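The values are calculated or read from the model by the stated rules, or taken from the named source; none is laboratory data. Since we're looking at a predicted model, the values are computed, not measured. Methodologically, a virtual Cβ is constructed for each residue, glycine included, from the backbone with ideal geometry; neighbour enumeration extends over all protein chains shown. Areas reflect the complete protein model, heavy atoms only, side chains present, ligands, DNA and RNA absent. Shrake-Rupley method; radii C 1.70, N 1.55, O 1.52, S 1.80 Å.
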Amino acid sequence: MFSVVLGGVLVPASALALPLFLLFAQVNATNTFWSVFLPSIVSPFGVYLARIFATASVPDEVIEAARMDGAGELRIFRTIALRLMSPALVTVFLFQFVVIWNNFLLPLVMLQDDDLYPVTLGLFTWQSQTSRLPQLQTLTIVGALISVVPIVLTFLLLQRYWRAGLAAGAVKS
């Protein structure tokens, strides 16, 4: 199963745009927020990164000790593994947030309504109209500057979760 997910990393997003459009068109879901958001939620790279980080950061001895104390698998996952993996989960979230925020091709294929366009596609539309309306040039530049603010704020708010050595001292050498 992991090999299939890893193979998904090799497929470029542009190769999936048309098949996704055809799938969403069959269920009459194009030109909706969900047609852009749903395909972007899960990333094969995020699954790969989380698995690699989990094997490296959650010591088997800690899991075994929790089992000896009588904790079930769900409790071990919730109370130990998720907390030890918080830096990786925050990293995956930030990667996905940036990918979704900067998504251009999928909204271009899926959306026909200008009101549903994300920031990147809206800025592109403004930029393409600057020859007819020169005042849009300034708005495009200001919009590009403002469009970076959510990414910077998200990074600054979540950087406190990147802590090294969360399990340091949990296992005797």
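A few remarks follow.
- Fraction of the pair-distance distribution of segment 31-132 above 22 Å, Cα-Cα pairs, percent: 51 percent
- Kirkwood hydrodynamic radius over Cα pairs of the chain, then Stokes diffusion coefficient at 25 °C and 0.890 mPa s, in µm²/s: 127 µm²/s
- Entry note, the chain: the mean residue ellipticity at 222 nm calculated from DSSP H runs of n ≥ 4, each adding -39500 (n - 2.57), is -20000 deg cm²/dmol after division by the residues and rounding to the nearest 500.
- Look at the alpha carbon pairs under 8 Å that are at least 6 residues apart: their mean separation over the length of the chain gives a relative contact order of 27 percent.
- Rolling a 1.4 Å probe over the protein heavy atoms gives the chain an accessible area of 68 Å² per residue.
- Column: log10 I(q)/I(0), Debye, Cα scatterers of segment 1-47, q = 0.13, 0.16, 0.32 Å⁻¹: -0.34, -0.50, -1.15
- Farthest toward the positive end of the dipole of segment 59-140, out of 103, 59, 93, is the Cα of 103, where the dipole comes from beta carbon charges about the Cα centre.
- Basic side chains Lys and Arg get +1 at the Cβ, acidic Asp and Glu get -1 at the Cβ, and with that the dipole of the chain about its Cα centre reaches some 360 debye.
- Based on Cα contacts under 8 Å between residues 6+ apart, segment 35-107 shows a relative contact order of 52 percent.
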